[in-house]
Every structure is written in structure tokens, then in C-alpha cells.
Amino acid sequence: MPEGPEIRRAADRIEQAIAGPLIEDVQFAFEHLQPYESELIGQRVLEVETRGKAMLTHFDNGLSIYSHNQLYGVWMIRPKGHFPQTRRQLRLAIHGDEKMALLYSASSIEVLGQEGIKNHSFLRGIGPDVMNKATQKQTLKRRLSKQLEKHKRRRLCGLLLDQKVVCGIGNYLRSEILFLAGVHPSQRPVDCTESQLKLLAKLMISVPEQAYKTGGITNDLKRAETLKAQGAPKSQYRHWVFGRKNQSCYSCGETIIKSTFAGRRCYYCPTCQNG
Ligand SMILES: [Zn+2]
């Protein structure tokens, strides 16, 4: 399941492929969307915005294609005219001047105007997105702090994965953020100190941001580099705790524990995260 940084990187690839030049063709598989094809052809794609697991491909005539990949949807970028060999169902094709952005298998596709975006049931229901480029970091941090305050009696392990509270944090980011904050997964915001809460709000932005820039590395970058140079596999140098069951904590040497919290596997250091 892709997390915020991976979705943002997918959106970047689509942007690089089709944003800018006039769009030469748009094809929807769903009949009720086909009337929009002629409205979108000849327009430009301005940007591809991500909101949680949803994407908004904004065109310069004010229309946007909303897509949510659910579990099976996948975008593929190909040179124009070169469709991939796949059994997947093509649901949407956007042809730029050199490349095509193809969306396969996704079931949730809509065309929305400004009002439609504002009133969209999924988009209205989700919390602040830690990967949203349009929101200033200070504003985002304030919103995240508010969410932590609002849900202060819920355990952080569940809270961080709840898209209604915060978007863009998936399973590996959850373990990493809690480790760096020195907070046990079963702690609630109400059990945290003021400075832990401040740190949490900060890390909820900076950890996904680093993962986005580095292709998923949340570990200290110097350490990751050293370990990589020593021949360690990516699974070993990528994270502080995630996926490192029974191995030594990079910070204190204690053995990392794997457990299940809020239905998903979670890794933590019992010494660094004892509250
Ligand atoms: Zn430790």
C-alpha cells in the first residue's frame, strides 16, 4: 500500500510526463465521463495534486480529474503510442505531446470543477495531508497539533493511520515517527509531554518529506550512507526500526520489538520509546 511520499512521487512522474504542453487526447473508459473528453482535449495540465491517496489532475480550464487508486489502481507512463502488455483494464488515458499517462484498474474516477472539489465527500472527510505542497509548513504543523489535541484520548498507533485525522502517513512512517518522537505506540497524546507533542507534529511533516526526497529512507542519512557503503541491503539501512525485528536499536543497542497495533505490524524500541 503506497504511503504519502510514494503517492507524491507518482504524481511527480505524471506531472513530468504530461504537464505543460497541450493535451492531445483524453479517453475515459466510463461512459458517463466521456462527454468531458472534448472539454479536456486541447487544454493544459497545470499540476497533479495529491490529497491523501487521491489525486487531482488540474487542467487550465478549471476542470480536474479526481482519481483514487483504491487497492488495485496503478498509473503507468509510456511514450506516446506504446501501450504496455497488461491484462489490467485501462480506465483513463491522457496523451501529452510525447508521453501518455495511463491509469489502470482504478474504479474511482470523476471530473470535478472547483465546487465539486470543495463538496467532494472523500476530500471533505480527510485530515490535513502531510505531503501537500500548497500548505505552508507552519500552517500544516498548527493543523496537525490541533488534530492531536482533538483526538488526545486515542492511541497514537491508531491515530496516525487514520486518514480522517492525518493523510499521507502509512505503516512504515508510523513506526519511524513514533520512534523518533520517543513515544510508545500505545501512548495517547494526553500521555505525552508538551515537547513530545510539538516534536510529533514536526516529525509528521519532516519524516515523510525525507522519505519523499530519498526514495523512502527515514533513517539518519549519514548512517544510511555508511551502511550502504559497507554493503548492507536497503532493508537494513532504510529505517530506524521498521522491518528490523530482533535487531539492535541504532540509538541505544536494545532489541527492536515487532508487534501489532491498530491491526498493522509496528516496530519499536522498548528503551527509546518507554514514554
Ligand atoms: Zn533504542
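Miscellaneous remarks
- A viscosity of 0.692 mPa s and a temperature of 37 °C, combined with the Kirkwood radius over C-alpha pairs in the Stokes-Einstein formula, give the stretch 235-274 a diffusion coefficient of 323 µm²/s.
- Two-site label geometry, ASP12 and ASN274: point separation in nm, points 7 Å out along Cα→Cβ: 4.0 nm
- Evaluated with a Cβ-only charge set (Lys, Arg +1; Asp, Glu -1), the stretch 63-120 carries a dipole of roughly 260 debye about its Cα centre, given to the nearest 20.
- Estimated dipole of the stretch 66-180 in Debye, rounded to 20 [Cβ of Lys and Arg +1, of Asp and Glu -1, Cα centre]: 520 debye
- Sorted ascending by nearby beta carbons within 10 Å, beginning with the fewest, HIS239, HIS184, HIS82 become HIS82, HIS184, HIS239.
- Ellipsoid equivalent to the chain - semi-axes via the Cα gyration tensor, in Å: 37, 22, 15
- Candidate cross-link partners of LYS53 among the aspartates and glutamates, defined by an alpha-carbon separation under 18 Å and a same-chain spacing of 8 or more, comprise GLU3, GLU6, ASP12, GLU15, GLU110, ASP129, ASP162, GLU209.
- Top positive-direction residue, dipole computed over the chain with Cβ charges, set LEU156, ASN69, LEU102: LEU156
- Relative contact order, percent, the chain [alpha-carbon distance under 8 Å, six or more residues apart]: 16 percent
- Normalised per residue, the volume of the convex hull around the Cα set of the stretch 1-130 (Å³): 104 Å³
- Compactness of the stretch 137-268, expressed as Rg and Dmax over alpha-carbon positions, Å: 14.5, 45
- When only Cα pairs below 8 angstrom with a gap of at least 6 residues are kept, the stretch 182-275 shows a relative contact order of 28 percent.
- Considering all C-alpha pairs of the stretch 1-68, those separated by over 14 Å amount to 59%.
- Order of TYR268, TYR36, TYR250 under a 10 Å beta carbon neighbour criterion, fewest first: TYR36, TYR250, TYR268
- Karplus-derived HN-Hα couplings along the stretch 50-67 (A = 6.51, B = -1.76, C = 1.60, θ = phi - 60°), whole Hz, x at Gly and Pro: 10, 9, x, 8, 8, 10, 10, 8, 8, 9, 7, 8, x, 8, 9, 8, 8, 9
- Straight-distance crosslink candidates among lysines, where the alpha carbon sits under 16 Å from LYS222 and sequence neighbours closer than 8 are dropped: LYS213, LYS234
- Partners for LYS228 among aspartates and glutamates (Cα-Cα distance below 17 Å; same-chain residues under 8 apart left out): ASP220
- Dipole of the chain, positive direction: furthest Cα of GLY253, LEU33, LEU178, with charges on the beta-carbon: GLY253
- Here the dipole of the chain is about 1380 debye; that uses its Cα centre as origin and unit charges on the Cβ of Lys and Arg (positive) and Asp and Glu (negative).
- Footprinting exposure proxy for SER67, SER186 (fewest neighbouring C-beta atoms within 10 Å first): SER186, SER67
- Close amide-amide hydrogen proximity is noted between LYS99 and LYS80, each under 5 Å apart and 5 or more residues distant or on a separate chain (H modeled in the peptide plane; Pro and chain starts excluded).
- Within the chain, the longest segment free of exposed loop sites, counting GluC sites (Glu not before Pro) that fall outside DSSP classes H, G, I, E and B and have at most 16 other Cβ atoms within 10 Å, spans 99-253.
Since every read-out is calculated from the coordinates, none of them should be taken as a lab result. Remember, predicted model here, so these are calculated numbers, not experimental data. Cβ sites come from the backbone with ideal geometry, for glycine too, and all protein chains shown count toward neighbours.
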